[in-house]
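For reference, the structure discussed in these notes is given below.
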Amino acid sequence: MTTHLLVATTLDEALAAMANGARPIAGGTDLVVGARVGKAPLPTELVAIDRLDELDIVGMVPGGSDDPTPLLFVGAMVSHATIMNHPLLAASYSGLADASALVGSPSTRNVGTIGGNVMNASPAMDTGAPLLAMGAMAVLQSVSGSRTVPLAELWTGPGTTSAGPDELCVAILIPRRMGEEGSAYVRLEYRRAMEIAVVGAGAAVTLNDDGTVAKAAVALTAVGPTILALTGLEELLIGTPLDDLSLSAVAMLASEQASPISDLRASDKYRRHTVGVMAKRALEAAGRRAAGETIAIPVNRAEGIGAARNAAAQNGAAK
Amino acid sequence: MTTTEIPRFVRADGPDKVTGSGRYTADLTLTGMLAAKFKYSGISHGRITRLDVTAAREMAGVLAVLTDADVPDVHYDPQIKDRTLFARDIVRFEGEIVAAVAALTPEIAEAAVAAIIVEYEELTPILDPEAAMDKSSPLVHEDWESYEAGSWLVRSGNTASFSSLERGDVDAGLAEADQIISSRYVADGSHAAPIEPRAVVAQWEGNKVTIWTSTQVPFDARAGVCETLQLPTNRVRVIVPHLGGGFGGKCGFHFEAHVAALARTAGRPVRLVFSREEEFTIPDRRREGIVVELTTGVRKDGSITARKANVVIDCGAYIADTAFFPQLAAMHAVGPYLVPNLMVESQIVYTNHQPSGSVRAPTAPQVCWALESHIDEVAKAINMDPVKFRLKNAVDTGMVGPLGQTYEEIGLRRCIQQATEAAGYGQELPENEAIGVAIGWWPSFASASGSYVKLDDDGAGQIITGAQECGTGAVMTLRQLAADELGMKPEDFEIIYQDTATGPYDMGATGSQTLLNNGRAVVEASQQIAEQLRELAADRLEAAPADIVLADGKAQVAGSPESAVPLSKLAAIAGSGKLLLGHGSGSPPVAPPIVGANCVGDQGMASWVGPQFSCHAVRLRLDPETGVTRVISVHADHDSGTIINPMGAHGQVEGAIIMGIGQALTEGTRYDETGKQMNTSLLEYKLQTAADSPSIHTQFVEVFTENAGPHGAKGLAEAPNIATAAAVANGLAKLIGSPMRQLPMTAERVWDTISEGGS
């Protein structure tokens, strides 16, 4: 049970508290809910970071000396609600907006943050796959300094990260999306709110002028101990159009590389099959966005089975 | 009636609930109140070899620890007395209460529960109800024969209750058929899942106890306390604060006696509040798993020649209120169809699962799902459109039904015609979309029920009733009935309810019966006051009482509205003389006789008062690559007699349909191999959310029924929960090419069925 709660007013104060053993709390959507269902008791010492306005910022920052590409800075305190409604993110980092728009319910999205989602390190987290596909990094800061860690190196297993106990995730950095880049996140869900991904896939695509693939990345949700980056895509996709043939090949690749478990939500067999379907759909949507098409956020509600009921009702039944 | 024409219905309890000013049981705090926790068996089947509560009793802050040794030696349950408050010798499901603790805080109570030592000789769990029927099966209740039980029950070993329905000659009927179709369907158990986990608070004053509890049936809860703690009814008062939903799951007597016993021993008030996990696993009100086997003989012209069926219901460890389920399930295996020859055998069988109990339309959604899936198979076998098949075979006004009940005017065929027409049935649909259609029926339950109505000297009204509001709006609608009789407005009445010490008996929020029975009582009580008001007005207006009309808050002479006196004035006169007090109860309507059928284990479920009928047409879309199904729209037509409160009625249908979609697609109890439930949280037990709700179009086929409730009303709370899952199944079967054999029809099961070669 928590005996001390420090409400930090500056980042230094928060980092000092963490150096002394406090755990950070922002929206509390994982920490508090987890404690209430008996997953893990609340830490004895907590430091609330929800009033640190400097962590609630979205903007571009210059790249480093080794790679001068500008980066998108998403402060750790930025909520899912902000992400899904942010014009820049929705337009150019659509996969992340797709993911944030699917998290929990409106109230979860209002208090749940990107920093919390990333650091909770659930293999079923929604923002993980699109962030990994976009090559995102986490900025970890402690009283002794700051470092930037690619997400692939941050997540070490279900609920575990390579961050030290005194390190606070202060931001997520995403390389600026250049040219005709598009991204998307699609998940398998049994219902449309208060849901967790059964499986999911995030994709980021850059197209050549002729519409063939110049660059592509896909990451998979809930089919391994961490979010899983798909390997071997280049051989399949570079220089080819995103058509039924190449998309089916990616679906097979995703099914092959997945290492899902069986649990209450799905069997390993079903997960292995459906993650391929999700990979194909995410890549297809990312490709269309890269080609300049607008697909509403989130893809799950804009397309196919998830499309709005009004559109369906208009073409027949409710007359 | 379309949505725009529905008059505004202002619920008396609405503002309290919406603003948060209303109080639920778990909100109550009494001076010196303790927290209760239970020690559960945690195993599905075992013999207690050691039970030691010494350490728990000695813990600081623990004021009471009770076991079977500390309460009267009483077996209870309404139809078969197979249960004790605390486990005695044998534990029969994972949620069996072995001991109860009351302590200063929930944390201390939890630590005390952990300090209770129980050792078991583990016994093999009996989990498959079909296997449990075998004579060689071990028994869930070794002593079943010694239990006191209703003489009408047919019992044998693990078969807790058996019923059959028989008419004509089923073998001869099958011999006449051109085609015989046989199917087997398996429905998993599910849950009522009310938003409020249950809570109980008990406080003794002298030798009397007051119990605040989240029950749908306060009088049943009182009866259970009186039976198990051996108290007369007038020393037990049960009060229900606002109830946070029930859906049947809060019917019956549950933990009121445990908490009252703790409070008596501790000498302090005690409060029990369930966690969500406890709400899923402990109460004896799981919706039953059912296996249904159906065989139908049909002629090429579409007429049914015979039906043979076998229904096996998973009772779980104790009978609770389920002894009548076999006969009710058997009726649903027949359905509202003309079937000249039938033989249905139906049984509820003990297992080591959590006990089943009445959840909204018990047995009906599952068996209707099986029967209506089967009916579509039968129609397909003779190349007949399934809607045409239903119109040909459905019961109708003046007909003799399959069990020999002759129907007054009923609206089933109109329901089928209207729902399918409104849904656009038969039109071309986009790829991967289909419309499934199913019909259902359900009784109205007649019961004793009472109410008082009074007008005080300022003319303000009160309805003092034993009826229980579980969210349906039925009790709220009582105001409208009283207002109509007295020429007043619903808002002129306050309702005093949910307190066994003030209201007369009512069966509770169960069996869709509140408006049907308590409505009659309120009308009768109001009529007595109306009579008095007419007499008072007649004196003042120099007219005959028969010529006085009560309207707009006044008593006036018929035909001369200028000759009138306000009711408040009459109430003031009565206030210093003969008071305006009415009391109503009335005789419950009686079901018509059954003719020409034979019912073994008959429990009065083969002939129905105020039979209700429905047709649901569900339009859905399937994602064939994943098996995910999305319901787009539901057209629901219902004959529930006269609709008293249209807005309340529409709300009932909409809620029931969303619940039905959950049963169809995402809800279902999952067990491990030892019989313990695995999905005991709202993340893993997937209720439908508002975001999943389809567009719902409800129409009522209002048929006046003499033999029913006030103004010809039938029940309504359960009927709309029956046909939805079946209609979803029939839509899916069209898209997959073969029926789904297991409920819920989860995405993975649909995908499996598609992968196995459905076209």
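The values are calculated or read from the model by the stated rules, or taken from the named source; none is laboratory data. Keep in mind that this is a model prediction, so the values were computed, not measured. Note that each Cβ is placed from the backbone with ideal geometry, even for glycine, and that neighbours are counted across all protein chains shown. Just so you know, the surface numbers come from the protein's heavy atoms only, side chains and all, with ligands and any DNA or RNA stripped out. Shrake-Rupley method; radii C 1.70, N 1.55, O 1.52, S 1.80 Å.
Worth pointing out:
- Isolated cysteines in chain B, defined as those with no second cysteine Cβ under 4.7 Å, comprise B:Cys226, B:Cys251, B:Cys315, B:Cys368, B:Cys470, B:Cys599.
- Average accessible surface area per residue within region B:451-584, 1.4 Å rolling probe, Å²: 39
- Check: the protein assembly as shown dipole with +1 on Lys, Arg Cβ and -1 on Asp, Glu Cβ, in debye: 520
- Fluctuation leader among A:Asp53, A:Asp67, A:Asp12 - chain A, Gaussian network, Cα springs under 10 angstrom: A:Asp67
- Under 5 Å from the amide H of A:Gly159 lie the amide H atoms of A:Ser122, each residue being 5 or more positions distant or on a separate chain, with H modelled from the backbone and absent for Pro and chain starts.
- Legend: Rg and Dmax of region B:39-80, from Cα coordinates, 13.7, 42 Å.
- Chain B: relative contact order as a whole-number percent, Cα under 8 Å and 6+ apart: 15
- DSSP beta bridges confined to chain B are antiparallel in about 80 percent of cases.
- Think of each Lys and Arg Cβ as +1 and each Asp and Glu Cβ as -1; about the Cα centre, that makes the dipole of region A:52-175 roughly 220 debye.
- Working ranking of peptides A:149-159, A:74-84 by packing, defined as the average number of other Cβ atoms within 10 Å per residue, highest first, is A:74-84, A:149-159.
- All lysines inside 24 Å of B:Lys388 as judged from Cα atoms, apart from same-chain residues fewer than 8 positions distant: A:Lys319, B:Lys300, B:Lys308, B:Lys380, B:Lys734
- Overall dimensions of region A:52-175, expressed as equivalent-ellipsoid semi-axes from the Cα gyration tensor (√(5λ), whole Å, largest first), are 20, 18, 14.
- In region A:1-51, the ratio of gyration radius to Kirkwood radius, Rg to Rh, stands at 0.98 when only Cα atoms are counted.
- What a 1.4 Å probe finds exposed on the protein assembly as shown is 52% carbon and sulfur by accessible area, rounded to a whole percent.
- Residues whose amide H falls under 5 Å from that of A:Arg191, counting only those 5 or more places apart or on a different chain, are absent, with hydrogens built in the peptide plane.
- DSSP-defined beta bridges in region A:181-306 - what % are antiparallel, rounded to 5: 95
- Chain B: C-alpha gyration tensor shape, a/c 1.5 cut-off, then a/b vs b/c: oblate
- Relative contact order [Cα under 8 Å, 6+ residues apart], chain A, whole percent: 16
- Checked against a 30 Å cut-off, the cross-linked pairs B:Lys392/B:Lys714; B:Lys17/B:Lys81; B:Lys39/B:Lys208; A:Lys280/B:Lys686; B:Lys208/B:Lys454 give Cα-Cα distances beyond that limit for B:Lys17/B:Lys81.
- Lys/Arg +1, Asp/Glu -1 at C-beta; chain B dipole; positive extreme among B:Phe700, B:Leu412, B:Ala591: B:Phe700
- Farthest toward positive dipole pole in chain A [+1 Lys/Arg, -1 Asp/Glu at C-beta], among A:Val199, A:Tyr185, A:Val213: A:Val199
- Exposure rank, largest accessible area first [B:His583, B:His353; 1.4 Å]: B:His583, B:His353
- Cα-based convex hull, region B:78-228, per residue volume (Å³, whole number): 224
- Both radii are taken from the alpha-carbon atoms of region A:181-306; with Rh as the Kirkwood radius, Rg/Rh is 0.97.
- Under the shape rule built on the C-alpha gyration tensor, where the axes satisfy a ≥ b ≥ c, region A:249-298 is oblate, since a/c reaches at least 1.5 while a/b does not exceed b/c.
- Per-residue SASA entry for B:Tyr120, accessible area with 1.4 Å probe, Å² rounded to 10: 60
- Dividing the alpha-carbon radius of gyration of region B:451-584 by the rule-of-thumb value 2.2 N^0.38 Å gives 1.07.
- Listed residue (A:Ser79, A:Pro62, A:Ser107) projecting farthest to the positive dipole end of region A:52-175, Cβ model: A:Ser107
- Note on chain A: Kirkwood radius taken over Cα pairs, Stokes-Einstein applied at 4 °C and 1.567 mPa s, translational D equal to 65 µm² s⁻¹.
- Taking the Cα centre of region B:618-680 as reference, the dipole from Cβ charges on Lys and Arg (+1) and Asp and Glu (-1) amounts to some 100 debye.
- Solvent-accessible area lost in complex, 30 Å² minimum, residues of region B:654-682 relative to chain alone, 1.4 Å: B:Arg670
- Two-decimal Rg/Rh across the protein assembly as shown, once Rg and the Kirkwood Rh are taken from alpha-carbon atoms: 1.00
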